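Report on the following structure.
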Amino acid sequence: MSEGRGRLAAYWERQQERLDELERKRSLRLPTWRTRKRRRTLSVLVILGDLILIAGAAVFHRQPEPVFVVCWFGGAVIAGGAHYLLRILTGKMSGGFSLRLDEREREWRHRVTYVSYQVLVGLMMVAVLYGLVISGTEDGGPRGAMMACALLVTGTTLSGVILGWSLPDDDPEDYTDFEEVSPA
């Protein structure tokens, strides 16, 4: 029994070391972008991309029209790209284990997660109502599914958007430890 626990503990330690190494690498990416202004710009781009996705879902028909294709894929590229960069800039707060965060970061993360979950529930209610309203129309099922997908993507990006908008500027001294340790 204790041998199994020892292997599990060793596995956990290896995972923690791997995550720490990934965080070191991520912290060195985009060092000049680690300002509130850049994060807020990316937050606005994520919301804009999400709104374009929602507009694309609203004009969806079984025979894809150019407006839908442009809106859907354009919104996905804008929102996806900006959200990827935003996750890099918010660092371990948006994607790390809670155990690796300090008390302040943990509190931020819990607050943001709670708010984004509440908004996601509201968006899913909107998706259900939208599906019910259009259920009797032509292509009602696929249109409802596209809207649910667009609203789900919007809801899942909200925690990163809120973090990106509300976090203060990073302290450059937080990253000097990583620069000293990184291999040449």
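The values are calculated or read from the model by the stated rules, or taken from the named source; none is laboratory data. Since we're looking at a predicted model, the values are computed, not measured. Every residue, glycine as well, gets a Cβ built from its backbone with ideal geometry; the counts of neighbours run over all protein chains shown. Each accessible area value is taken on the protein alone, full model and side chains, heavy atoms only, with ligands, DNA and RNA left out. Shrake-Rupley method; radii C 1.70, N 1.55, O 1.52, S 1.80 Å.
Any idea which of (1) assigned to a helix (DSSP H, G or I); (2) over 23 Å from the mean Cα position of the chain (by Cα); (3) within 21 Å of Trp72 (Cα to Cα) is the one Thr157 doesn't satisfy?
Of the numbered conditions (1) assigned to a helix (DSSP H, G or I); (2) over 23 Å from the mean Cα position of the chain (by Cα); (3) within 21 Å of Trp72 (Cα to Cα), the odd one out for Thr157 is (2).
Search the stretch 102-120 for residues that are on the phi > 0 side of the Ramachandran plot and pair each with any residue that is open to solvent by 70 Å² or more (accessible area, probe 1.4 Å) and basic (Lys, Arg) when their beta-carbon atoms are under 8 Å apart and the residues are at least 6 apart or on different chains.
none
Which number in (1) farther than 26 Å from Ala145 by Cα; (2) touching a Ser or Thr at 6+ places or on another chain (Cβ under 9 Å); (3) not small (Gly, Ala, Ser) marks the one condition that Leu42 misses?
Answer for Leu42: the failing condition is (2).
Which of the numbered conditions does Met124 fail, given that it passes all the others? Conditions: (1) open to solvent by 50 Å² or more (accessible area, probe 1.4 Å); (2) modelled with pLDDT of 90 or more; (3) more than 20 Å from the chain's Cα centre (by Cα).
Failed condition: (3).
Condition first: surrounded by fewer than 20 Cβ atoms within 10 Å (Cβ to Cβ) and at pLDDT below 95. Now tell me which residues in the stretch 150-161 satisfy that.
Thr156
Give all pairs with beta carbons closer than 9 Å in which a residue from the stretch 146-164 that is under 17 Å from His61 (Cα atoms) and among the hydroxyl-bearing types (Ser, Thr, Tyr) meets a residue that is at pLDDT below 90 and buried (at least 22 other Cβ atoms within 10 Å of the Cβ); count only pairs at least 6 apart in sequence or on separate chains.
Matching pairs, first to second residue: none at all.
Among the residues of the stretch 102-116, is there at least one that is modelled with pLDDT under 90, open to solvent by 50 Å² or more (accessible area, probe 1.4 Å), over 23 Å from Ala76 (Cβ atoms) and not in a helix (DSSP H, G or I)?
Yes, the stretch 102-116 contains a residue that is modelled with pLDDT under 90, open to solvent by 50 Å² or more (accessible area, probe 1.4 Å), over 23 Å from Ala76 (Cβ atoms) and not in a helix (DSSP H, G or I).
With (1) over 17 Å from Leu53 (Cα atoms); (2) within 18 Å of the chain's Cα centre (by Cα) as the list, and Glu138 as the residue in question, which single condition is left unmet?
For Glu138, the exception is condition (2).
From the set of residues in the stretch 7-44 that are at pLDDT 80 or above and not in a helix (DSSP H, G or I), which is most open to solvent (accessible area, probe 1.4 Å)?
Thr35
Within the set of pairs 6+ apart or on separate chains, which have a first residue in the stretch 59-73 that is of a type in the set (Gly, Ala, Ser) and modelled with pLDDT under 85, a second that is assigned to a loop (DSSP other than H, G, I, E, B) and exposed (fewer than 15 other Cβ atoms within 10 Å of the Cβ), and C-beta atoms under 6 Å apart?
none
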